[in-house]
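The values are calculated or read from the model by the stated rules, or taken from the named source; none is laboratory data. Predicted model, so just to flag it, every value in this text is computed and none were measured. In this analysis, Cβ positions are derived from the backbone assuming ideal geometry, glycine residues included, and neighbour counts consider all displayed protein chains.
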Amino acid sequence: MRRTLLFLLMLAQPVFAKPELGKHLQPAVFSVTMVMIHDVVNPPAASRFYTYCLLGAHEIVARSNQQIVAPTAFTKSISPVAIETKDYDYQIAALYCILETGRLIIPSGYMLEEDQKKLIIALLREGYPQATIDKSVAAAKEVAKKIAADANTDGYLKLSTRLRYRPKRGEGFWYPTPPGYMEGVEPHWKTIRPVLIDSCDQFVPKPPVEFSKDSTSAFYKLAKEVYEVGKNLTDQQRFIASYWDCNPFAINTSGHMNIGFKKISPGGHWMNITGIATTKANLDLDKGIMVHSLVAATLMDAFISCWDEKYRSSRVRPETVINRSFDPKWQPLLQTPPFPEYTSGHSVVSTAVAETLTFLLGDNFAFRDDTEVIFDLPARDFRSFRQASEEAAISRLYGGIHYRDAIENGQAQGRALGDFIIEKLKKAGVKPAI
């Protein structure tokens, strides 16, 4: 009789229904973004930070979900982790690992400690036992520590020991531009270890049009186009240029003062689009982390490939040419970024990521992008990732910071890189998320 009563009492106990944790993914990634905006992290470095923050979470998820292919199946950037902690919730551990990895590798990563506290409070409110949370945090810290150690071997720590970059001599080569006349950003980025591609120079684009001051030359016509477009911009073209500006280095001059404006990087914009898309697709946390991880890795490799070409060709920016040859008072709509012109970074990375997202979430995936709302720009609707990437690319002509061949050849470079990554992922067993 007692056994029967005990059994009935056990049945009467409320069973903890585990809530879907996917709603915490986009805020976690956005927290990483906000720290990088605070630190004014340059675009290539931002892509690297996103990648390692997501690879650790991806690895944790893959250990418990056989439908998710582990990163170690398609990259040597990280190695398998032996987690000693037992009885942890792998999804909590994966979420916490994003923040913990960022805390360890981003310069102002300590700022993420507040976000970690908020996540724990939210989990407690959702009914997760403190003991489960504590074990999951411990597991996340094990993985994050290992990921940070792997990150330290990719060449990033050696960048500061390399020779200072000196611009090449000659009118056709890049030279620092106003208003900050900043030194070239990350001239040695090609030495960073890629995640998915084989080498930095695997996707070398066609050579840029040769510099010439001859008014009948192809280069002169390219420069003239930037000048003429810049003088006759429509309201829509101005808006598109501003929407895809994504320049963390923006400086506004007022008298003798230089005032800096912190903005999101191209990678940050696409990571936010990824969060918007995975939420709209109603992906669970596991697939959401996988998609974020693969987009971040694509971003990182696209920047490595693009920066390899930038400092090989070291091509002069339109602003410099136009001021010297056409109009000394002309200014581009957007502030010229502090690195060589060819190829267009936004064109390369946007095209590559659009291909990865199209593979994972499908073509003609319509979405509303509200990334720039925090910078006082309205949300915008796109029919597909490819449409968004095409607009991001042409925005550089409207902004006056790239010639047309840097845009079009950059798109070709990004498309080739994206296609290679997709085939590699397929061979590893990665399937579309929807």
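Yes/no matrix, rows are residues, columns are (1) within 20 Å of residue 308 (Cβ to Cβ); (2) in contact (Cβ under 8 Å) with a residue 12 or more places away in the chain; (3) outside the structural domain of residue 99 (by TED's automatic domain parsing); (4) surrounded by 15 or more Cβ atoms within 10 Å (Cβ to Cβ):
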site: 144; (1), (2), (3), (4): no, yes, no, yes
site: 148; (1), (2), (3), (4): no, yes, no, yes
site: 225; (1), (2), (3), (4): no, yes, yes, no
site: 235; (1), (2), (3), (4): no, no, yes, no
site: 246; (1), (2), (3), (4): no, yes, yes, yes
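For segment 51-62, check the following and say yes or no: at least one residue is within 14 Å of the chain's Cα centre (by Cα), modelled with pLDDT of 95 or more and of a type in the set (Val, Ile, Thr). It would help to see each step written out before you state the result.
To start, the set of residues in segment 51-62 that are within 14 Å of the chain's Cα centre (by Cα) comprises 51-55.
Then drop every residue that is not modelled with pLDDT of 95 or more, which leaves 51-55.
Next cut, of a type in the set (Val, Ile, Thr) only: 51.
So far as segment 51-62 goes, yes, one or more of its residues are within 14 Å of the chain's Cα centre (by Cα), modelled with pLDDT of 95 or more and of a type in the set (Val, Ile, Thr).
Between 194, 176, 207, which is assigned to a loop (DSSP other than H, G, I, E, B), within 27 Å of the chain's Cα centre (by Cα) and not assigned by TED's automatic domain parsing to the domain that holds residue 294?
Just one listed residue meets the conditions, 176.
Here are some residues: 134, 87. Which one is among the charged types (D, E, K, R), in the same structural domain as residue 29 (by TED's automatic domain parsing) and at positive phi?
Only one candidate passes the filter, namely 87.
Please go through segment 338-369 and give me each residue that is under 19 Å from residue 247 (Cβ atoms) and of a type in the set (D, E, K, R), ordered by number.
Selection gives 341, 369.
Kindly establish whether residue 171 is among the acidic types (Asp, Glu) and part of a helix (DSSP H, G or I).
no
Within segment 99-132, can you find the residues that are within 12 Å of residue 21 (Cβ to Cβ) and buried (at least 18 other Cβ atoms within 10 Å of the Cβ)?
119, 123, 128
Condition test on residue 418, is it touching a Pro at 6+ places or on another chain (Cβ under 7 Å) and crowded, with 24+ Cβ neighbours inside 10 Å?
Criteria not met by residue 418.
For the condition basic (Lys, Arg) and not in a loop (DSSP other than H, G, I, E, B), what is the one hit in 118, 76, 86?
Step by step, each of 118, 76, 86 is checked, and only 118 is basic (Lys, Arg) and not in a loop (DSSP other than H, G, I, E, B).
If residue 294 passes every condition in (1) farther than 24 Å from residue 242 by Cβ; (2) more than 18 Å from the chain's Cα centre (by Cα) but one, which one does it miss?
Every listed condition holds for residue 294 apart from (2).
If you go through segment 274-291 one residue at a time, how many are β-branched (Val, Ile, Thr) and crowded, with 24+ Cβ neighbours inside 10 Å?
Total satisfying the criteria: 4.
Please enumerate the residues belonging to segment 356-373 that are in contact (Cβ under 8 Å) with a residue 60 or more places away in the chain, closer than 14 Å to residue 273 by Cβ and out of contact with any Phe, Trp or Tyr (no Cβ under 7 Å at 6 or more places or on another chain).
Correct list: 356, 360, 361, 368, 370, 371.
Filter segment 272-291 for residues that are under 12 Å from the mean Cα position of the chain (by Cα) and of a type in the set (A, V, I, L, M, F, W, C) and give the result.
The one that is under 12 Å from the mean Cα position of the chain (by Cα) and of a type in the set (A, V, I, L, M, F, W, C): 273.
For residue 156, state whether it is modelled with pLDDT under 95 and closer than 30 Å to residue 408 by Cα.
Judged against the criteria, residue 156 is not a match.
Is there any pair with a first residue in segment 413-427 that is at positive phi and a second that is crowded, with 21+ Cβ neighbours inside 10 Å and not aromatic (Phe, Trp, Tyr) whose Cβ atoms are under 9 Å apart and which are 6 or more apart or on different chains, and what are they?
none
Can you tell me how many residues in segment 150-166 are touching a residue at least 24 places away in the same chain (Cβ under 8 Å) and part of a helix (DSSP H, G or I)? Outline the logic, then answer.
Of segment 150-166, the ones touching a residue at least 24 places away in the same chain (Cβ under 8 Å) are 150-151, 153-156, 158-159, 162, 165.
Adding the requirement that they be part of a helix (DSSP H, G or I) leaves 150-151, 156, 158-159.
Count: 5.
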